[in-house]
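Presented below is the structure to which this report refers.
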Amino acid sequence: MMLYSFIIVNVIICVGGSSSHPPGHLQPLGLHLPPITDIPVLNKFPSSVEFYEKYVKDGGKPVIFKNVLETVDMPVYYKWTDDYLDKNYGDIMVDMEIGKKEIRKGEMFSRKLSYFLKRYKNMDAYLVEDLPDRMKKDMAIPSSLRCGGFQNVIHTVVMWFSSGGTKSVFHTDDLDNINCLLDGKKDLIMMDRKYAHLVEADGWHKDGSYSDLDVDSVDMYKFPNLKDIPWYQVNLTKGDCLYIPYKWYHHVYSHPGRNFAVNVWFFHRRWFNVTDCHGVDLNVSTAIPFTQFKKPSKLEKFRDDLIMSLDGKEFISQTLFSETLQENDNDLASVADEIFTIIDTDKDGYISISELYSSGNEIFAFELEEDSKTKDGRVDYDQSNMEDDSLKDDLTKTNADVYVNSNNHEEL
């Protein structure tokens, strides 16, 4: 019997039984309460505006895109058979983690993809790898991320490949992601980020953002706060995609059999650039070649670090700003006060979301000055010194390119 095949029946037995232990004690995660199953299900990727308004903003809400890979042009879905992968990419080195039940800081090893393909059906290991450059030509990105600022913040695409039976730790992610299942079945247990005070009260590792709990046998005495947390049940099959909002707690179980997924990771957006979608046909639901997207610039990573610190707050104080730069080991920490002054355009002593998103690469002027000095000490802002093309493009923009939310409201 599959671990989660009869999960609803088991929940009823566990909750309604006469055991003297708390509901779900020493049972698989999720058996403390009946699941919530009303996660929205769409049959296509929504427009960028709809995706942001309904699912990304205000803490995020998961959404399932059912069987969507059958209707969009995502070559990885129909091309990536074992034979195709071996023939075209077999010589690429990939990382594998030993054991199918995840433990953070588990043992990793690297081999050629061909090695994995010949052995994975009988391996007690799974492949997890950022998509290598050569394989990007087969990857496409959901059209929900085509404009509004999403297109500038796609961090990476990660492959997950095994013979199934894998179990993740109960964890949360600092990035948004869309998980697309190329083959197999997956079940997810998800809990809203608003229950952080309960989830993280016991056995939580801030460094790594995961729980100590055993997903196969939860000790409800060690984790008493779990008994009051409602959870969502998600069942994915081949061709489905799922939006997992950042900071939402989740555990993933892969059913036995060839199990292959790709995750599109992107920085969380707290602001939507309406004008950026002008001229885009928002009614078209498709997938866009990954090669058409640029790597996020250093500016976007900088903003993301600050937005993480802003989470739940309306403004960033100068003290919090400096502390955030220190915690992230940012090269700009030594000039935090000067940068704060640049971003704080209304000079009220705080940085708002609107000020943060309307700031351009002038905040990197101090660092660029050090990096760009010529031998005679003069400063040369030659764009060839920029770290990537997206940063070059950002340097051509002005502060007039202001990010606003789709309702044009100034409040948070």
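All of the numbers you see were taken from the coordinates with simple rules; none came from a lab. Since the structure is predicted, the reported quantities are computational estimates derived from the model, not experimental observations.
Stretched out fully, how many nm does the piece from GLN318 to ASP124 gain, at 0.36 nm a residue minus the Cα gap?
Working: separation 194, 0.36 × 194 = 69.84 nm, distance 4.95 nm.
Result: 64.9 nm gained on full extension.
Using Cα centres only, tell me the gap between region 75-130 and region 32-73 in whole Å.
Here the answer is 28 Å between Cα centres.
Take every Cα pair under 8 Å in region 82-129 that's 6+ residues apart, average their separations, divide by the length, and report that relative contact order as a whole percent.
On the way: 65 pairs, mean separation 22.0, N = 48.
For region 82-129, the relative contact order is 46 percent.
Quick one: of LYS238/LYS294; LYS54/LYS301; LYS186/LYS247; LYS87/LYS136; LYS57/LYS227; LYS121/LYS247, which pairs are farther than 26 Å apart, Cα to Cα?
Details: LYS238/LYS294 28 Å; LYS54/LYS301 24 Å; LYS186/LYS247 20 Å; LYS87/LYS136 16 Å; LYS57/LYS227 28 Å; LYS121/LYS247 33 Å.
Where the Cα-Cα span goes over 26 Å, the pairs concerned are LYS238/LYS294; LYS57/LYS227; LYS121/LYS247.
Around PHE65, which amide H atoms from residues at least 5 apart in sequence, or from another chain, sit under 5 Å from its own amide H, with H modelled in the peptide plane?
LEU42, CYS241, LEU242, TYR243
To the nearest Å, what is the center-to-center distance of region 224-268 and region 280-352, using C-alpha atoms only?
Between the Cα centre of region 224-268 and that of region 280-352, the gap is 27 Å.
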